[in-house]
Amino acid sequence: MAHTRKKIAVIGAGFVGSTCAHWTASKELGDVVLLDINEGAAKGKALDLYEAAPVELFDSRIVGTKDYKDIAGSDVVIITAGLPRKPGMSRDDLLATNAKIVKACCEGIKEYAPNSIVIVISNPLDAMAYVAKQTLGFPRERVIGMAGVLDTARMKTFISEELQVSVKDVHAIVLGGHGDDMVPMPRHCNIGGVPLTEMLSQEKINAIVERTRKGGAEIVGLLQTGSAYYAPAASAVQMAEAIIKDQRRILPCAVELQGEYGVKGLFVGVLCKLTGKGMEKVVELQLNETEKAGLANSIKSVQSLVDALKNIQY
Ligand code: APR
């Protein structure tokens, strides 16, 4: 009998990758292939997770490998390979090293999973998504960066904590690049439908916006040895789930703009409709002057990263 279970490949079996495998299996999105140049880590973590299935009762097979041929037929591929940042580093400091790694991963994906939908997590995110798209040559619908779901998750956490309300009732939007000048959008946030601007003072909102922008660095500062992985992995798996189940969710993702917001050819965080086809549609918001200026500033940073890539051999 032909098997119809979905297949999800996770490239990179480090903290982010193994946590992606964990959420994917526990949600039973499909079978999981965990790939890493460190074969022992990939195989060991995959087997360990697989052995949790009889306890957690999930029907997902998890295998580890270093061989790209094992990702053949994957519906979704999540790229997590690359160095994480250490205290004092910005995401941009990872540019040259991670560009080489992401390019190598995409060459394998292009050869063995040419019909997959690819979600990029490696940092600096917007530039790595750009490298992935250039290497893969896939249409923009099938190369999607994970940043906005994480940045909004952080913002929602801080809002729910401040107001002591359920995270389930908090809605938030963050646009722009996945850097310190990302653009949290307080005017578009609400709690159970009530605008955030009616629930919190401007001062409190400003503090939440600032903490959201520096959310990644806050975790790096605490961990000292690497960067965040639970929330980044959960965010990528939410995107994978929207795709695998054709949920048609509206989520903020980094995608190649093709004229939206007046930008062409750059990966920028915008609201997207995620379906079984991948990123089916960019949902463009009406921005006020302050929001437009914030987005333009963030896009400038993404552009300078992409310009820097042009001077790097990768
Ligand atoms: N192919 C496959 N795997 C690779 C390659 C490669 N060319 N190069 C490195 N790796 C693997 C490493 O062997 C390691 O297991 O990538 C993994 C990275 O894991 P960690 O060091 O634990 O890093 P992690 O915290 O998972 O972060 C990975 O995600 O959020 C981003 O900024 C973060 O870029 C970083 C990435």
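Of note:
- Which listed residue is within 14 Å of GLU141 (Cα to Cα), of a type in the set (Ser, Thr, Tyr) and touching a Lys or Arg at 6+ places or on another chain (Cβ under 8 Å), from THR275, THR225, THR212: THR275
- Flag for SER235 being within 16 Å of ALA153 (Cβ to Cβ) and either of a type outside the set (A, V, I, L, M, F, W, C) or in the same structural domain as ALA127 (by TED's automatic domain parsing) (or both): yes
- Among the residues of the range 8-34, those identified as free of Cβ contacts under 8 Å to residues at least 40 places away in the same chain and surrounded by fewer than 24 Cβ atoms within 10 Å (Cβ to Cβ) are SER26, GLU28, ASP31.
- Sole exception among (1) buried (at least 16 other Cβ atoms within 10 Å of the Cβ); (2) in a helix (DSSP H, G or I); (3) among the acidic types (Asp, Glu) for GLU256, by number: (2)
- Residue check, THR65 of a type in the set (Val, Ile, Thr), surrounded by 19 or more Cβ atoms within 10 Å (Cβ to Cβ) and in contact with a helix residue (DSSP H, G or I) (Cβ under 9 Å, 6 or more places away or on another chain): no
- Test for ALA127: is it over 17 Å from PRO232 (Cβ atoms), modelled with pLDDT of 95 or more and among the small types (Gly, Ala, Ser): no
The values are calculated or read from the model by the stated rules, or taken from the named source; none is laboratory data. Predicted, not measured: the structure shown is a model, and the values here were computed from it. Here Cβ is always computed from backbone atoms with ideal geometry, including for glycine, and neighbour counts include all displayed protein chains.
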